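Visitor: Structure incoming, see below.
The values are calculated or read from the model by the stated rules, or taken from the named source; none is laboratory data. Values in this document were obtained by computation on a predicted structure and should not be read as measured data. Backbone-built Cβ (ideal geometry, glycine too); neighbour counts: all protein chains shown. Ligands, DNA and RNA are excluded from the accessible area calculation, which covers all protein heavy atoms including side chains. Shrake-Rupley method; radii C 1.70, N 1.55, O 1.52, S 1.80 Å.
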Amino acid sequence: MHTRDVEGDPMAGISLGCDYNFEQWPPEVWAEDVALMRTAGIDLVAVNIFGWASIEPRPGEYDFSTLDTIIALLHDNGIRINLGTGTSSPPPWLTTRHPEILPVAADGTTRSPGGRQAWCPSSPVFREHALALVEQVARRYGDHPAIALWHVSNELGCHNALCYDEASAEAFRAWLVRRYGSIDALNQAWGTSFWSQRYAGFAEVQPPRLALSLRNPGQLVDFQRFSSDALLEHYRAEAAVLRRHSSAPVTTNFMVTAHIRALDYWSWAPEMDVVANDHYLDHRLGDPDAELSFAADLTRGLAGGRPWMLMEQSTGAVNWQPYNLAKVPGQMLRNSLTHVARGADSVCFFQWRASAQGAEKFHSALVPHAGTDTAGWREVLELSATLDALAEVAGTTVRAEVAVLFSWQSWWATDTEARPSQDVRYLDQVHAAYRAVRRLGVTADVVAPGTDLSRYRLVIVPCLHMVSDEDAAAINTYVADGGHAVVTFYSGIVDLADRVRLGGYPGAFREMLGVVAEEFFPLLPGHQVTLTGGATATLWTEHLRATTAEIVDRYADGPLPGVPAVTRNSHGQGTSWYVATALDDDGLRDLLRAAVRGAGVRATGPESDGSVEVVRRAGGDRSYVFVINHGRQDIEHPVTGRDLVTGEAVPGLLKVGAGAVRVVREESVMTDCTEPRSARVRGGRDGEGQEGMTREAESA
Ligand code: GAL
């Protein structure tokens, strides 16, 4: 039997955890569950996530007896607790007594209880009841020694982020008063002289409920901002109660994922004591593994580069996609270690035991319906042993020389109504750029626009449609000071008020890129264009002219034959590329390969079709290489050191079997990218020792 050293330093090593919805099981099962958790080396368990109806069965009547028992049981077994405030789903008595807390959709219809998260983020009645519950929970368990972490609500905004009821309307108006100060400023920002929308006072403003025609885009994007802030305010209110009673860290689980975009996590992250994410493979996407890597890198960005928690993932199938695929043998381990490779110091699952009833009865779990004599359970034990072997990796960080800029506000603004093409979707474009970098074997940070970029050799700006003056200036200055950037189409078009930057596209980056476009020429579905260099592209072209840039590639056909499609410009000390179309995957990879080389970026791994990932974590006097082989062929990777799991020496070449992951502590410590890029440029050592070209050779 494997048992993790649960008595040791609780913060040491990589923790393995899960949600435990004990309320779904009779008491006879609890002791067996905890014994099995010990077998599996589970050391962090989330409880009371959906506990409200159990701990407050009737208004103001609290019953903590079962939760007390479970917490004691876990504590006696040395398992730390990630304690939910329990407020994520209101009990039926609350929605019956106060139906006004129910969320209202954009069409004005009320959503019924019967699922989960049936509450309006701006409802003062809900807030009052939720905080009363948190007060009780925090008072009771605030100084309990088993509490390692507080888990506020659950996936805030998963279902209820955009609520259009009267309480939200009132809160939205108050938010607008704070943002704009005067109705004139709001009228200006939303461009309300259009379609006779001018407001005489804030009292006339409504949430952007469904209308007969297209809605005001400034109002739509502000409603997204407001809604993100409203839930953040709820988080803060719960956290404030917890902090009055407890010194344990507080967090909530983010949803950095492909299908949820409700919250601007750049504004949330600084308020978390530890950044935690829930991630589920999305089989609706073309390359789910690349999306997982992207989400992990973005979560690390939210954590400011520091280690973060994977709060939820699944051992196998979920229950909420149209087709819920199981994970093949080894895939759960690979997914888990990809998160660790990219900075996670905890690997937690939803959930401990597969439910026998309820909407999630076909969702996988650590203990499957079939019990423990299963391949799934054996893989859980293998993961546990592996994480034990990786304990010394905890606390180290990932180093990257490339940054990909990511913005929720740009996502909202890009995917709005009334745009040049409904098929230009923000996340698709970000994913395409990220996928290409990953295929090149290059590790990237995913960071907010406005981040200090000086430490990066190359910055990729995919589809940054909405960008503030300051953030655009930061990117332009980065290039002028010697940085390298690749900007892709539909970037720099509007300011934060969704107002077009006049004078030609891509407004904010026109000068830095040395190009100007006078008109967009999106393509119909199924149409593609060919470039003179041989690449194909879909979705988008634009009538582009180079002002100072050199033309790297042109359209050979399509609506704009002979017009530039890819350009490169020398701007100040730096180099900037513009990609004016949606290149196919190989074309984008080839272009980024040239940019990566030109910038002197060092790859961490080999080029592949995306089936091989090599990521390094480093800290102090040690560095670790994770080699993840998603493919069906064995591979070899050059590295010297010691395999952390087997303990074997790796004398220079590491064999990684098909579908396997290996982690090596390197003999000579590698800590890439520790000096700021500007220092390199000033020292005249740009790209030193790299296969990339010098700046002169590059532009020759
Ligand atoms: C998350 C949620 C969990 C569970 C899981 C299923 O959205 O936090 O409670 O529903 O998804 O995949």
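Visitor: Among the residues in the stretch 363-382, are any of a type in the set (S, T, N, Q), more than 16 Å from the ligand (Cβ to nearest atom) and free of Cβ contacts under 8 Å to residues at least 12 places away in the same chain? Full working, then the answer.
Guide: Of the stretch 363-382, the ones of a type in the set (S, T, N, Q) are 364, 372, 374.
Now drop any that are not more than 16 Å from the ligand (Cβ to nearest atom), which leaves 372, 374.
Still in the running and free of Cβ contacts under 8 Å to residues at least 12 places away in the same chain: 374.
Among the residues of the stretch 363-382, at least one is of a type in the set (S, T, N, Q), more than 16 Å from the ligand (Cβ to nearest atom) and free of Cβ contacts under 8 Å to residues at least 12 places away in the same chain, which makes the answer yes.
Visitor: Report, ordered by the first and then the second residue, all pairs with beta carbons closer than 8 Å, sequence separation of six or more or different chains, a first member in the stretch 318-330 that is within 14 Å of the ligand (Cβ to nearest atom) and among the charged types (D, E, K, R), and a second member that is modelled with pLDDT of 95 or more and in a loop (DSSP other than H, G, I, E, B).
Guide: Between residues of the stretch 318-330 that are within 14 Å of the ligand (Cβ to nearest atom) and among the charged types (D, E, K, R) and residues that are modelled with pLDDT of 95 or more and in a loop (DSSP other than H, G, I, E, B), the close pairs are 327/281; 327/314; 327/315; 327/316; 327/317; 327/364.
Visitor: For residue 68, are the conditions met, namely being touching a helix residue (DSSP H, G or I) at 6+ places or on another chain (Cβ under 9 Å), within 30 Å of residue 388 (Cβ to Cβ) and acidic (Asp, Glu)?
Guide: No; evaluated as a whole, the condition is false for this residue.
Visitor: Another question, then. Among all residue pairs at least 6 apart or on different chains, which show Cβ distances below 6 Å where the first residue, located in the stretch 654-670, is over 11 Å from residue 640 (Cβ atoms) and assigned to a strand (DSSP E or B) and the second is among the β-branched types (Val, Ile, Thr) and open to solvent by less than 30 Å² (accessible area, probe 1.4 Å)?
Guide: So the pair list comes out as 656/627; 661/628; 662/627; 662/656.
Visitor: Before we move on, is residue 240 within 16 Å of residue 152 (Cβ to Cβ) and either touching a helix residue (DSSP H, G or I) at 6+ places or on another chain (Cβ under 9 Å) or assigned to a helix (DSSP H, G or I) (or both)?
Guide: Numbers: within 16 Å of residue 152 (Cβ to Cβ): yes; either touching a helix residue (DSSP H, G or I) at 6+ places or on another chain (Cβ under 9 Å) or assigned to a helix (DSSP H, G or I) (or both): yes.
It is true that residue 240 is within 16 Å of residue 152 (Cβ to Cβ) and either touching a helix residue (DSSP H, G or I) at 6+ places or on another chain (Cβ under 9 Å) or assigned to a helix (DSSP H, G or I) (or both).
Visitor: Looking at the stretch 105-149 only, could you name the residues that are within 16 Å of the ligand (Cβ to nearest atom), surrounded by 16 or more Cβ atoms within 10 Å (Cβ to Cβ) and in contact (Cβ under 8 Å) with a residue 60 or more places away in the chain?
Guide: Initially, the stretch 105-149 is screened for residues within 16 Å of the ligand (Cβ to nearest atom), giving 114-119, 149.
Those still in the list that are surrounded by 16 or more Cβ atoms within 10 Å (Cβ to Cβ) too: 116-119, 149.
116, 149 - these are the residues of the stretch 105-149 that are within 16 Å of the ligand (Cβ to nearest atom), surrounded by 16 or more Cβ atoms within 10 Å (Cβ to Cβ) and in contact (Cβ under 8 Å) with a residue 60 or more places away in the chain.
Visitor: Determine the pairs where a residue that is of a type outside the set (Gly, Ala, Ser), located within the stretch 186-209, has a partner that is in a loop (DSSP other than H, G, I, E, B) and open to solvent by 90 Å² or more (accessible area, probe 1.4 Å) with Cβ atoms under 8 Å apart, the partner being 6 or more residues away or on another chain.
Guide: 187/193; 187/198; 192/198
Visitor: Would you check if residue 596 is in a helix (DSSP H, G or I) and either aliphatic (A, V, I, L, M) or open to solvent by 10 Å² or more (accessible area, probe 1.4 Å) (or both)?
Guide: Details: in a helix (DSSP H, G or I): yes; either aliphatic (A, V, I, L, M) or open to solvent by 10 Å² or more (accessible area, probe 1.4 Å) (or both): yes.
Against the criterion (in a helix (DSSP H, G or I) and either aliphatic (A, V, I, L, M) or open to solvent by 10 Å² or more (accessible area, probe 1.4 Å) (or both)), residue 596 qualifies.
Visitor: Follow-up question, since we're still on this one. Residue 88 - would you say it is touching a residue at least 24 places away in the same chain (Cβ under 8 Å) and more than 30 Å from residue 366 (Cβ to Cβ)? Steps first, please.
Guide: Details: touching a residue at least 24 places away in the same chain (Cβ under 8 Å): yes; more than 30 Å from residue 366 (Cβ to Cβ): no.
In short, no.
Visitor: Restricting to the stretch 49-72, name every residue that is within 16 Å of the ligand (Cβ to nearest atom) and over 25 Å from the mean Cα position of the chain (by Cα). Full working, then the answer.
Guide: Here is the first cut: in the stretch 49-72, the residues within 16 Å of the ligand (Cβ to nearest atom) are 49-54.
The answer is 51, 52, 53, 54.
Visitor: Quick check on the stretch 201-255: of everything there that is closer than 21 Å to residue 182 by Cα and among the polar types (S, T, N, Q), which residue is most open to solvent (accessible area, probe 1.4 Å)?
Guide: This residue is 206.
Visitor: How many of the residues making up the stretch 278-303 are outside any loop (DSSP other than H, G, I, E, B), within 14 Å of the ligand (Cβ to nearest atom) and out of contact with any Asp or Glu (no Cβ under 6 Å at 6 or more places or on another chain)? Can you show your working first?
Guide: The initial filter retains those residues of the stretch 278-303 that are outside any loop (DSSP other than H, G, I, E, B), namely 278, 288-302.
Right, trim to within 14 Å of the ligand (Cβ to nearest atom) and you get 278, 295.
Filter again for out of contact with any Asp or Glu (no Cβ under 6 Å at 6 or more places or on another chain), leaving 295.
Number of matching residues: 1.
Visitor: In the stretch 17-35, how many are hydrophobic (A, V, I, L, M, F, W, C), more than 16 Å from the ligand (Cβ to nearest atom) and open to solvent by less than 10 Å² (accessible area, probe 1.4 Å)?
Guide: Within the stretch 17-35, residues that are hydrophobic (A, V, I, L, M, F, W, C), more than 16 Å from the ligand (Cβ to nearest atom) and open to solvent by less than 10 Å² (accessible area, probe 1.4 Å) number 1.
To keep it simple, each residue is scored yes or no on (1) out of contact with any Gly (no Cβ under 6 Å at 6 or more places or on another chain); (2) buried (at least 24 other Cβ atoms within 10 Å of the Cβ); (3) not in a helix (DSSP H, G or I); (4) not aliphatic (A, V, I, L, M).
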| residue | (1), (2), (3), (4) |
| --- | --- |
| 422 | yes, no, yes, yes |
| 431 | yes, no, no, yes |
| 454 | yes, no, yes, yes |
| 460 | yes, yes, yes, no |
| 478 | yes, yes, no, yes |
| 482 | no, no, yes, yes |
| 509 | no, yes, no, yes |
| 516 | no, no, yes, no |
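Visitor: Being open to solvent by 10 Å² or more (accessible area, probe 1.4 Å) and part of a strand (DSSP E or B) is the filter here, so list the residues in the stretch 620-631 that pass it.
Guide: First, pick out the residues of the stretch 620-631 that are open to solvent by 10 Å² or more (accessible area, probe 1.4 Å): 620-622, 630-631.
Matches in the stretch 620-631: 622 only.
Visitor: Sticking with this structure for a sec: Please tell me if residue 444 is buried (at least 24 other Cβ atoms within 10 Å of the Cβ) and aliphatic (A, V, I, L, M). Can you show your working first?
Guide: Values: buried (at least 24 other Cβ atoms within 10 Å of the Cβ): yes; aliphatic (A, V, I, L, M): yes.
When the stated conditions are applied, residue 444 passes them.
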